[in-house]
1. Taking the chain as the reference, fit the longest principal axis to its C-alpha atoms, fit the long axis of helix 24-38 to the helix C-alpha atoms, and give the angle between the two in degrees, 0 to 90, nearest 10.
2. What whole number of Å gives the distance from the Cα centroid of region 19-56 to the Cα centroid of region 57-78?
3. Can you pull the one-decimal nm distance between simple spin-label points at residue 86 and residue 19, each 7 Å off the Cα toward Cβ?
4. What FRET efficiency comes out for residue 166 versus residue 40 if R0 is 41 angstrom and r is the Cβ-Cβ distance? Round to the nearest 0.05.
5. With a 10 Å cut-off between alpha carbons and a GNM built on the chain, which of 26, 93, 110 moves the most?
6. Cut-off 10 angstrom, C-alpha nodes, Gaussian network model of the chain. Which of 98, 57, 11 fluctuates the most?
7. Give me the extension gain from residue 29 to residue 176: residue separation times 0.36 nm, minus the current Cα-Cα distance, reported in nm with one decimal.
8. Roughly how many nanometres apart are two label points built 7 Å out from the Cα toward the Cβ at residue 122 and residue 150?
Ligand code: SF4
Ligand code: SF4
């Protein structure tokens, strides 16, 4: 019969010898291979205790950014939603009221901001489109879950911790991200 590839090997049908029937040489050979790996460098790590460094171009879970005062950067312009090829972003804009200047940086803000993580392809176009440095993709995975509705992330899930109220969590969320100036 003609072989489709040249990888086919002829199977040996000759009867096994006495040594082969004992299987000991084969077991010994296998154990030698196992022992030889004990002294080699492990290709695996003990996740989650140890974590590999992310690639500089890794794009993970989105973060809604604040400025140094803790005010939300987002001005609900909708450019991220327009740029999103997966139509994963929805938002509702609201006007900033007198006395809310410490909460929102711009006169308009996102009263509601949602990302459907089941649609998101982590392309980073929302970050590229944003003129206010209000959204970026962090070095964090989207955690696994059993229910689809848990993957609709709202503002509470996406907002970076307040830099003055929770500076440690803020720095951790910021990671190694270089500071970017927003366009005013
Ligand atoms: S990363 Fe891409 S797919 Fe995900 S929300 Fe942003 S633009 Fe949409
Ligand atoms: S995240 Fe940026 S692009 Fe999206 S609505 Fe807010 S300011 Fe506009």
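Every number here is computed from the coordinates shown, using simple stated rules; none is lab data. Fair warning: this is a prediction, and the values are worked out from it, not measured in the lab. As a convention, Cβ positions derive from the backbone with ideal geometry for all residues, glycine included, and neighbour counts pool all protein chains shown.
1. Once rounded, the angle reads 30 degrees.
2. 44 Å
3. Distance between label points: 5.8 nm.
4. Efficiency, rounded to the nearest 0.05: 0.40.
5. 26
6. 11
7. So the extension gain works out to 48.1 nm.
8. That separation, rounded to one decimal, is 1.8 nm.
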